[in-house]
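Undergrad: Quick one: structure below, then a few questions.
The values are calculated or read from the model by the stated rules, or taken from the named source; none is laboratory data. Because the structure is a prediction, the values reported are computed rather than measured. Methodologically, a virtual Cβ is constructed for each residue, glycine included, from the backbone with ideal geometry; neighbour enumeration extends over all protein chains shown. Just so you know, the surface numbers come from the protein's heavy atoms only, side chains and all, with ligands and any DNA or RNA stripped out. Shrake-Rupley method; radii C 1.70, N 1.55, O 1.52, S 1.80 Å.
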Amino acid sequence: MDNKYEALRLKNQLCFPLYAVSNLITRKYKPHLDKLDLTYTQYIVMMVLWEEGRANEKCLCDTLCLKSNTLTPLLKKLEEKGYIIKQRDESDERNLVITLTDSGKELREEALCVPECMIKEFNLSEQEAVTLYKTLYKILNAERK
């Protein structure tokens, strides 16, 4: 192959292994999340709510790097499952506030095993995991500026 096109080889792309690993990780989460009746995206929304207790829609979009048109149907499903309540903010009707229900809070206990199970799925040393984490967040944080 002509060296002129070396940069276009799949094996030389940063995007491809990130894409492939992202898909792999999501597939590895699936059996654990199926037990909780959550998709991966629903799970990360629930993690924010478990941490914060409540959040507005814009904050969830920003924190999770999601578009509103992705988050809206996801929140509807979580509400149908009885895990959240959506309400308009009394001080500003434009803001949609998402709060956990008692069922949503209880689900947190069931989800405790998920992170531990996922750590076992990947053959990374603690130092490799820390380095990867820092590198990925460096990329994400540069994009958010």
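Undergrad: Taking the condition closer than 24 Å to residue 37 by Cα and not acidic (Asp, Glu), does residue 114 pass? Even if it seems obvious, please write down each step before you answer.
TA: Numbers: closer than 24 Å to residue 37 by Cα: yes; not acidic (Asp, Glu): yes.
Here the answer is yes, as residue 114 does meet what is asked.
Undergrad: Return only the number of the condition from (1) in a helix (DSSP H, G or I); (2) of a type outside the set (Gly, Ala, Ser); (3) loosely packed, with under 14 Cβ neighbours inside 10 Å that residue 94 does not satisfy.
TA: It is condition (1) that residue 94 fails.
Undergrad: So if I check each of 100, 74, which one is under 16 Å from the mean Cα position of the chain (by Cα), closer than 26 Å to residue 32 by Cβ and of a type in the set (A, V, I, L, M)? Steps first, please.
TA: Details: 100 fails: under 16 Å from the mean Cα position of the chain (by Cα).
Answer to the selection: 74.
Undergrad: Conditions: (1) β-branched (Val, Ile, Thr); (2) within 20 Å of residue 27 (Cβ to Cβ); (3) in contact (Cβ under 8 Å) with a residue 24 or more places away in the chain. Residue 119 meets all but one. Number of the miss?
TA: The one condition residue 119 does not meet is (3).
Undergrad: Look through region 39-91, keep the residues that are open to solvent by 30 Å² or more (accessible area, probe 1.4 Å) and assigned to a strand (DSSP E or B), and return whichever of them is modelled with the lowest pLDDT.
TA: 88
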